[in-house]
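Take a look at the structure below.
The values are calculated or read from the model by the stated rules, or taken from the named source; none is laboratory data. The structure presented is a predicted model; accordingly, all values stated were derived computationally and were not measured. Every residue, glycine among them, receives a Cβ derived from its backbone with ideal geometry; neighbour counts consider all protein chains shown.
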Amino acid sequence: MSNSSQTHDATALNAQLDRRLFELESLLKAGEALQGELDVFNLCNLLMTMVRERVRADQLAVLLNDEEGHMVSVEAVQGLPEETCDLSFPADQGILWSLIKAGEPFSVVDLEGRPRFDEIFAKHELERLEGQLWIPLVMPGAVVGVLSMSPDRDGKAVSASQYQFLNRLASRAALAIHTAVLYRSIELARKDLDRSLHHLSLLFDVTRALSAVQNLTTLLGMIIDRAIEAVDAEKGSLMLFDENTEELAIRVVRLPNKEVEKKINDGEIKCNTFKRGEGVAGQVFDTGVAHRVNNTDDDGNFKATEGNHARSLLCVPLIADDEPIGVINITNKNNNGTFENEDEEILTALADQAAVAIGRARLYEAAITDGLTGLFIRRFAMHRMNEEIKKARRYGHELGIVMCDIDHFKAVNDTWGHPAGDAIIIAVAQELKNGLRIDVDIVGRYGGEEFLLVMPATDLEGTRVASDRCRQAIEDLDTDVGGGRKLKVTMSFGATSLGPNDTAETVLKRADEALYVSKEGGRNVVSVLEPGEGDGDTTKEETVPDVGESQEMVQLDATGTPDDTAE
């Protein structure tokens, strides 16, 4: 062998060794870079960048294998439309899957550039990846995924050294990606655990709080507050089913506009009601299945008014003893977010606890309220009055006490029957509730057509004004008693306030004496006795306002038929 031949061979060998050394150094650096990254998406992009530095491919995609879902899905792409990230194919497709498991790079097109796997490529649109060479990402015992690579932009075939480099790089990338996927799974599991613990803590707190609340109105407010907080939303409402009207009606709302919120909760603004199956709320109530909407414009169950200012909605049923009793509506996820499965899960769990508490509160409410009017029964009204007397003594507050009853009520029953009398009592009770402060003042049915009003933190003048407001509302009332008849009645009031030496018995007796003054003074009036006045002597009186004799008569129907018989 000549010296020139030996020199040429030595040069070629040195070049080959240099190339191998460069490839080894490149693989070593690539391995270090890959092992230092724990984000799956970043790893996939790092792998594709390394491949593009080695070969002149413009379109690359990394598809990862989901062993639980048995699907291979695009994780990241370079040089391809973002829509291709939606592509996937099953991990059990005959020859294609067998080649991926084998772990050696292979061409997915024939010599003429046509797909070798026509059926699966056409069915799952894999040709959109523009790949011709697929490089499996495998490691012992696991198929991590596959790298799809387009042809060299200059039309050059992948050289043997490039082929070998890519195959080794894929092996290192498979290990790094597999580690990152495990890390992601652990992180997701930890977040799920943290979320579950948070939900359990929330439900425990809610259950403990709800179990201590017996007042239904307070309870409903607490439920909607916790529901909105649990799913991080903007507003919400709680609706209960009214057996009489067979409709869902709002019982409490929470809104960004607190003025409107108060008017709705106080009954000044009336909201829509829904029948079974009507709108989202009616559908959820009827089916007992939660409904989640993240674009109200696309949901046909929305009525025009229901969708106002609502971008998204999560509605869950309230079910007690296997019977639906209402729904919780939560609207507009904060920060323009969307309601997800976990939001539905926590709200459903909260609703289950809430429904039990509502059922218990309703039983308690039924035990302390009058079945006809919904007002407190006499015994409970007296109990509440005693509580307010103690508070007034402790904190030095004023306390107004009023006794009132319907004028000439016996004539209503005698002339039109007891159903008409019941209709009058119901209407009067509602006006008394409407004229006083919700959740502050106490309205009780003392007996028959007589009522007790207790007004905490209210002086005698404030008590008189509130009483006169109720008196006027009742005088203006036309009550439908059936048969096309409407009756008008009036009411007399006796007002006083708690004195320094008063007991429940003495203050109640003085309010009753003031009521007697109203009856003797012409009816349909508010009479006031100050602490210390009266003492059983009904000659000490103050009648407000002064009314004429015509107001002694009760207008019993729309024609004004009078009756001046006994009460």
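Please pick out the residue among ILE389, ILE424 that is under 25 Å from PRO456 (Cα atoms), over 38 Å from the mean Cα position of the chain (by Cα) and in a helix (DSSP H, G or I).
Answer to the check: ILE389.
Let me confirm something: among GLY103, GLY94, which residue is assigned by TED's automatic domain parsing to the domain that holds LEU63, at positive phi and surrounded by 12 or more Cβ atoms within 10 Å (Cβ to Cβ)?
Criteria check complete, one pass: GLY103.
Given the conditions (1) assigned to a helix (DSSP H, G or I); (2) at pLDDT 90 or above, and given that ILE250 satisfies all but one, which numbered condition is not satisfied?
Condition (1) is where ILE250 drops out.
Of these, LYS410, LYS433, LYS391, which one is on the phi < 0 side of the Ramachandran plot and touching a Pro at 6+ places or on another chain (Cβ under 8 Å)?
So the residue among LYS410, LYS433, LYS391 that is on the phi < 0 side of the Ramachandran plot and touching a Pro at 6+ places or on another chain (Cβ under 8 Å) is LYS391.
Out of VAL443, VAL412, report the one residue that is in contact with a strand residue (DSSP E or B) (Cβ under 8 Å, 6 or more places away or on another chain), over 20 Å from VAL517 (Cα atoms), β-branched (Val, Ile, Thr) and in a strand (DSSP E or B).
Selected residue: VAL443, the only one of VAL443, VAL412 that is in contact with a strand residue (DSSP E or B) (Cβ under 8 Å, 6 or more places away or on another chain), over 20 Å from VAL517 (Cα atoms), β-branched (Val, Ile, Thr) and in a strand (DSSP E or B).
Checking the condition over 16 Å from ARG378 (Cα atoms), modelled with pLDDT of 95 or more and crowded, with 20+ Cβ neighbours inside 10 Å, which residue from VAL428, VAL443 passes?
So the residue among VAL428, VAL443 that is over 16 Å from ARG378 (Cα atoms), modelled with pLDDT of 95 or more and crowded, with 20+ Cβ neighbours inside 10 Å is VAL428.
Any idea which of GLU119, GLU125 is modelled with pLDDT of 90 or more and either closer than 21 Å to HIS70 by Cα or not assigned by TED's automatic domain parsing to the domain that holds ARG52 (or both)?
GLU125
Which residue is nearest to ASP66 (Cα to Cα), if the candidates are limited to segment 154-193 and must be at pLDDT 80 or above and basic (Lys, Arg)?
ARG172
Show the residue pairs meeting these rules: Cβ distance below 7 Å; 6+ apart or different chains; first residue within segment 249-277 and more than 15 Å from ILE224 (Cα to Cα); second residue polar (S, T, N, Q) and buried (at least 17 other Cβ atoms within 10 Å of the Cβ).
GLY277/GLN283
Among the candidates TYR446, TYR395, which residue alone is within 18 Å of THR373 (Cα to Cα) and hydroxyl-bearing (Ser, Thr, Tyr)?
TYR446
Return yes when ARG485 is at pLDDT 55 or above, farther than 22 Å from TYR446 by Cα and surrounded by 15 or more Cβ atoms within 10 Å (Cβ to Cβ) and no when it is not. Please lay out each step first, then the result.
On the way: at pLDDT 55 or above: yes; farther than 22 Å from TYR446 by Cα: yes; surrounded by 15 or more Cβ atoms within 10 Å (Cβ to Cβ): yes.
Yes.
Is segment 354-363 home to any residue that is outside any helix (DSSP H, G or I) and buried (at least 16 other Cβ atoms within 10 Å of the Cβ)? Spell out how you get there, then give the answer.
Within segment 354-363, the first condition is being outside any helix (DSSP H, G or I), and the residues that meet it are none.
No, that holds for no residue.
Among the residues of segment 508-523 satisfying the criterion of being surrounded by fewer than 21 Cβ atoms within 10 Å (Cβ to Cβ) and part of a helix (DSSP H, G or I), which is farthest from the chain's Cα centre (by Cα)?
Across segment 508-523, the extreme among qualifying residues is GLU520.
Keeping to segment 129-146, report how many residues are crowded, with 18+ Cβ neighbours inside 10 Å and either in a loop (DSSP other than H, G, I, E, B) or within 46 Å of the chain's Cα centre (by Cα) (or both).
The total comes to 10.
Residues being charged (D, E, K, R) and part of a strand (DSSP E or B): count how many of those fall in segment 72-88.
Total meeting the criteria: 1.
When segment 364-385 is examined, which residues are found to be outside any helix (DSSP H, G or I), of a type in the set (A, V, I, L, M) and crowded, with 16+ Cβ neighbours inside 10 Å? Talk me through it step by step, then tell me what you get.
Taking segment 364-385 and keeping what is outside any helix (DSSP H, G or I), we get 369-377.
Pick out the ones that are also of a type in the set (A, V, I, L, M) and you get 372, 375, 377.
LEU375, ILE377, listed by residue number.
Going by the conditions given, is LEU487 more than 26 Å from ARG384 (Cβ to Cβ) and in contact with a Leu (Cβ under 6 Å, 6 or more places away or on another chain)?
In short, yes.
With the structure loaded, tell me whether VAL465 is on the phi < 0 side of the Ramachandran plot and either touching a Leu at 6+ places or on another chain (Cβ under 9 Å) or buried (at least 20 other Cβ atoms within 10 Å of the Cβ) (or both) or whether it fails that test.
Taking the combined requirement at face value, the residue does not satisfy it.
Here is a check on your reading of the model: is ILE401 at pLDDT 95 or above, more than 29 Å from ASN294 (Cβ to Cβ), assigned to a helix (DSSP H, G or I) and assigned by TED's automatic domain parsing to the domain that holds TYR516?
Numbers: at pLDDT 95 or above: yes; more than 29 Å from ASN294 (Cβ to Cβ): yes; assigned to a helix (DSSP H, G or I): no; assigned by TED's automatic domain parsing to the domain that holds TYR516: yes.
Considered against the rule, which asks whether it is at pLDDT 95 or above, more than 29 Å from ASN294 (Cβ to Cβ), assigned to a helix (DSSP H, G or I) and assigned by TED's automatic domain parsing to the domain that holds TYR516, ILE401 comes out as no.
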